[in-house]
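The values are calculated or read from the model by the stated rules, or taken from the named source; none is laboratory data. The structure presented is a predicted model; accordingly, all values stated were derived computationally and were not measured. All Cβ positions, glycine included, derive from the backbone under ideal geometry; neighbour counts span all protein chains shown. The protein model used for the area step is the full one, side chains on, heavy atoms only, and it has no ligands, DNA or RNA in it. Shrake-Rupley method; radii C 1.70, N 1.55, O 1.52, S 1.80 Å.
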Amino acid sequence: MKKKESYSVSSNPVQAEFGKLNVLFAGESQTKPEHALGPKIYDYYLLHAIVSGHGTFRTETDVYELGPGDCFLIHPGQLVSYVSCHSDPWKYLWVAFTGETGHSLVESAGFLPGCPVLNTTNESENSKVPEYIHHIQEHFHMKQESAHTAAVGFLHLIWAEIMNCSTQPSRLTVVEPQVQRTVKQMINYMTSQYAHPVSIEQMCVSLGYNRAYLSRIFKKETGISPVTYLLKLRIDQAKRLLRERPELSVEQISSSVGLTDPLYFSRQFKRFCGQSPTSYRKEMTGI
């Protein structure tokens, strides 16, 4: 039976305080087959808890085949990608957080960049991590002043659950350090500059490499060209704005993701998503 695709996310209604433990947003999704994210870099911790289905999570050095009960943690500045299984796409929940206390929580559980995957099930009961993430999402959705405090409390419960688990799945190591570092620089550049009308040529000049060389190693490591990656990054950000910022016009969103020609933006959006920006917004928000 085909699983119906779904997506929902709620952001913290309370403004974050610098340096402390801050929960940014939480969400859940039943992905479609071969739904892929990345390679990309985040500037916050992002924990995923898999409820059902299967998929693959890749870091700069390792590849993990994951399923129900598994969690994976993306660290700030870590180049990652993940894709759902073709025949059994995963459903997962996620929560994003930042702050010095968050770093301490991660270290205390041994959830380090070299060990970003953990199975949280045991013989007596299912993992409570997805339930706690769902509670965070519910509190954010209600937009109450207590949402931040509740979210921090549930995040501590999540980490208590994680600290009680110690089984690590086996890992497959595939890495070419210098090439990976260069690709990471490219990802960093595009992630930070996508909102501006920058080109691949400008990136190559900025990084000090020949375009043919960068294109070759980027495609070898990621499976796609830098041009396609940058365009996909812009379309992904446009999808987020279409869902979360209904007051913005399609032209404003196009400009916000570095594409100054709205007609070109609409054509590329339809090529990647199979529908126009307006149709996508209506389908996702009902507006």
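Say we look at the range 200-223 and pick out the residues that are polar (S, T, N, Q) and surrounded by 12 or more Cβ atoms within 10 Å (Cβ to Cβ); which of these is modelled with the lowest pLDDT?
Ser206
How many residues are in a helix (DSSP H, G or I) and without any contact (Cβ under 8 Å) to a residue 24 or more places away in the chain when one looks only at the range 188-202?
Residues in the range 188-202 being in a helix (DSSP H, G or I) and without any contact (Cβ under 8 Å) to a residue 24 or more places away in the chain: 4 in total.
Conditions (1) open to solvent by less than 20 Å² (accessible area, probe 1.4 Å); (2) within 29 Å of Pro13 (Cα to Cα); (3) modelled with pLDDT under 85, marked per residue:
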| site | (1), (2), (3) |
| --- | --- |
| Ser108 | no, yes, yes |
| Leu118 | yes, no, no |
| Glu125 | no, no, yes |
| Phe140 | yes, yes, no |
| Gln144 | no, yes, yes |
| Glu161 | no, yes, no |
| Gln193 | no, yes, no |
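Does the range 270-283 contain at least one residue that is in contact (Cβ under 8 Å) with a residue 60 or more places away in the chain and either open to solvent by 40 Å² or more (accessible area, probe 1.4 Å) or in a loop (DSSP other than H, G, I, E, B) (or both)?
No.
Yes or no: Tyr92 closer than 25 Å to His156 by Cα and assigned to a strand (DSSP E or B)?
Criteria met by Tyr92.
What number of residues in the range 86-106 are open to solvent by 40 Å² or more (accessible area, probe 1.4 Å) and either among the charged types (D, E, K, R) or modelled with pLDDT of 90 or more (or both)?
Residues meeting the conditions: 5.
Considering only the range 22-46, state which residues are outside any strand (DSSP E or B) and either open to solvent by 20 Å² or more (accessible area, probe 1.4 Å) or touching a Leu at 6+ places or on another chain (Cβ under 7 Å) (or both).
Correct list: Lys32, Pro33, Glu34, His35, Ile41, Tyr42, Asp43, Tyr44.
Would you mind telling me which numbered condition in (1) open to solvent by 80 Å² or more (accessible area, probe 1.4 Å); (2) part of a helix (DSSP H, G or I); (3) of a type in the set (Asp, Glu) Glu247 fails?
The number of the failed condition is (2).
Say whether the condition of being acidic (Asp, Glu) and farther than 22 Å from Val183 by Cβ is met by at least one residue in the range 59-71.
Yes.
Is it the case that some residue within the range 62-77 is out of contact with any helix residue (DSSP H, G or I) (no Cβ under 8 Å at 6 or more places or on another chain) and either among the polar types (S, T, N, Q) or within 20 Å of Ile235 (Cα to Cα) (or both)?
no
Do we have Val106 as out of contact with any His (no Cβ under 8 Å at 6 or more places or on another chain) and not assigned by the TED database to the domain that holds Gly223 here?
Considered against the rule, which asks whether it is out of contact with any His (no Cβ under 8 Å at 6 or more places or on another chain) and not assigned by the TED database to the domain that holds Gly223, Val106 comes out as no.
Return the total of residues in the range 47-79 being touching a His at 6+ places or on another chain (Cβ under 9 Å) and open to solvent by less than 10 Å² (accessible area, probe 1.4 Å).
Selection size over the range 47-79: 8.
In the range 225-242, what residues are among the aliphatic types (A, V, I, L, M) and either touching a strand residue (DSSP E or B) at 6+ places or on another chain (Cβ under 9 Å) or over 24 Å from Arg271 (Cβ atoms) (or both)?
Across the range 225-242, the qualifying residue is only Leu233.
Would you mention how many residues in the range 62-88 are under 10 Å from Pro116 (Cβ atoms) and assigned to a loop (DSSP other than H, G, I, E, B)?
Of the residues in that region, 2 qualify.
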